[in-house]
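Computed from the coordinates by the stated procedures, all read-outs in this text should not be read as laboratory data. Being a predicted model, the structure only gives us computed values, none of them experimental. Reconstructed Cβ throughout: ideal geometry from the backbone, glycine too, with neighbour counts over all protein chains shown.
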Amino acid sequence: MQETGTAAEPGVLVLAGTPIGDVADASPRLRAELAGADVIAAEDTRRFRALLQRMGVTTSARVVSYFEGNEATRTPELVEALTGGARVVVATDAGMPSVSDPGFRLVAAAVAAGVRVTAVPGPSAVLTALAVSGLPVDRFCFEGFLSRKAGERSRQLAALAEEPRTMVFFEAPHRTAETLAAMVEAFGPGRSGAVCRELTKTYEEVVRGPLAELAAWAAAEVRGEVTLVVAGAEARVVDLDAAAAEVADLVAAGARLKPAVAEVAEREGIARNALYAAALELTRRPVKT
C-alpha cells in the first residue's frame, strides 16, 4: 500500500475534524485537505462519500475504511503509505478523529515512525456541549463513553463522585436514561447537569436541570446523538478540629493514632500530616477534671 504523495508537503498524517451535524460547519481547509489527499481513511466509507456529496467536494484520493474493527490490521498499511510519501487524511463520521473514535492507534504509530502529524480543527461535541450547558467551563474533564455493564459503570461513576471539574460524557440514546439514573445514585439527585442532543442539527435540544429531573425526562424515548455534561462536586468545607476530635475518640476507644488518622483523613478528604498534627496535640492535652 505504498503511494507517492503529490502535495507540496508529502508524508503527512492529517486528522480531519468533520461536522458533527450541520455540513455548513465544514471549513475551507477541510474541503482542501479532502480534495488533495492521496489516501483517506474513513470510519464509514458510505457515510463519508455522502458527506463529500453534501459538501460538494470531489477527490481523487483512495478511500479506505478505518474503524474499530480493522484499526489493528489497517494501521501498518497506512503507516507504510505515510512513510512512502503519501498524504493520509483520517476522517470519522463526525467530530475529531481519536476522540472516542478511530485515530489514536494510527497517530501513535505515525509518531513512532517519524511521520509528521497535524490536524484540521473542526466542530467538537465535547466543547460544543460544554459551552451550551450553562455549567462551569474553566476546568473540565472528558470521560468518553461509560461502560455498558451496570456494575462497572457504577464503579466508574463512584470514582468520579468527588471530581471537582465539570464532566463531559458521550452516551448512546438508548442507554441515556439508565446512565442518568446511575449518575443520580453516584452524584446525588441535586447535582446539576445537561443533556445535549443532536447538537448543530435541525432538532438540536439542550435540557438542563438537576440529575433527578434529567433522569425522569429521559425515561421517555431519547433519540439522536447524546452528550451529557455534569457539574463537578462542590468543595467540602473541612473542619480540622472536628476531624481531630474524631481521631481522638478512636484513640480513646483503643485504636492506634496513625491508623485512626489514616481512616478519618481518607473519609473526610483531609491531608494526613495536618490531621495527624492536630490529633496529636489534642490527644496530648491534659484531661480537665
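Let me have the relative contact order for segment 194-287, percent, based on Cα pairs under 8 Å that are six or more residues apart.
Result for segment 194-287 is 23 percent.
Write out the GluC sites (Glu not before Pro) in segment 209-252 meeting two conditions: DSSP loop, and at most 12 other Cβ atoms within 10 Å of their Cβ.
Taking segment 209-252 and a limit of 12 other Cβ atoms within 10 Å, the loop GluC sites (Glu not before Pro) found are E221, E234.
Restricting to DSSP loop positions (anything but H, G, I, E, B) with no more than 11 other Cβ atoms inside 10 Å of their own Cβ, which trypsin sites (Lys or Arg not before Pro) remain in segment 173-236?
Here the trypsin sites (Lys or Arg not before Pro) that fit, given the DSSP loop and packing criteria, are R236.
Over all alpha-carbon pairs of segment 117-216, lay out the pair-distance distribution in 5 Å bins, whole %, shortest bin first.
Percent of pairs per bin, in order: 2, 12, 22, 26, 21, 9, 5, 2, 0.
Which longest run of the chain has no exposed loop site in it, a site being chymotrypsin sites (Phe, Trp or Tyr not before Pro) in a DSSP loop with at most 16 other beta carbons within 10 Å, and the site itself not part of the run?
Answer from the scan: 68-202.
With θ set to phi - 60° and the Karplus curve 6.51 cos²θ - 1.76 cosθ + 1.60, what are the ³J(HN,Hα) couplings of segment 89-105 in order, to the nearest whole Hz, using x for Gly and Pro?
10, 9, 9, 9, 4, 6, x, 8, x, 5, 8, 6, 9, x, x, 4, 4
With contacts defined as alpha carbon pairs under 8 Å and 6 or more residues apart, what's the relative contact order of the chain in percent?
Over the chain, the number comes to 16 percent.
Ordered by residue, what ³J(HN,Hα) values in Hz, to whole numbers, does segment 166-173 give under the Karplus form 6.51 cos²θ - 1.76 cosθ + 1.60, where θ = phi - 60° and Gly and Pro are x?
The phi angles translate into 4, 10, 10, 10, 9, 8, 6, x Hz.
Determine the sum of side-chain charges near R223: Lys and Arg each +1, Asp and Glu each -1, restricted to other residues whose C-beta is under 13 angstrom from that of R223.
Around R223, the surrounding residues sum to -3.
Taking amide hydrogens as modeled 1.01 Å from N in the peptide plane, which residues meet the under 5 Å criterion relative to V90, leaving out close sequence neighbours?
Residues meeting the criterion, in which the H sits 1.01 Å from N, are V14, L15, A16, A41.
Explain nothing, just compute: Karplus ³J(HN,Hα) = 6.51 cos²θ - 1.76 cosθ + 1.60, θ = phi - 60°, for every residue of segment 255-268 in order, whole Hz, x for Gly and Pro.
Computed from phi, the couplings for segment 255-268 are 6, 7, 4, 4, x, 5, 4, 4, 5, 6, 4, 5, 5, 9 Hz.
Got a sec? Charge dipole of segment 1-126, +1 on Cβ for Lys and Arg, -1 for Asp and Glu; which of V12, F67, G56 is way out at the positive end?
Checking the options against the dipole of segment 1-126, the answer is G56.
Expressed as a rounded percentage, what relative contact order does segment 129-178 have, with Cα pairs under 8 Å and six or more residues apart? The partial results should precede the final answer.
Numbers: 36 pairs, mean separation 23.2, N = 50.
In percent, rounded to a whole number, it is 46.
Can you list the equivalent-ellipsoid semi-axes of the chain, largest first and in whole Å, using the square root of 5 times each Cα gyration tensor eigenvalue?
Values: eigenvalues 499, 118, 45 Å².
Working from the Cα gyration tensor, I get semi-axes of 50, 24, 15 Å.
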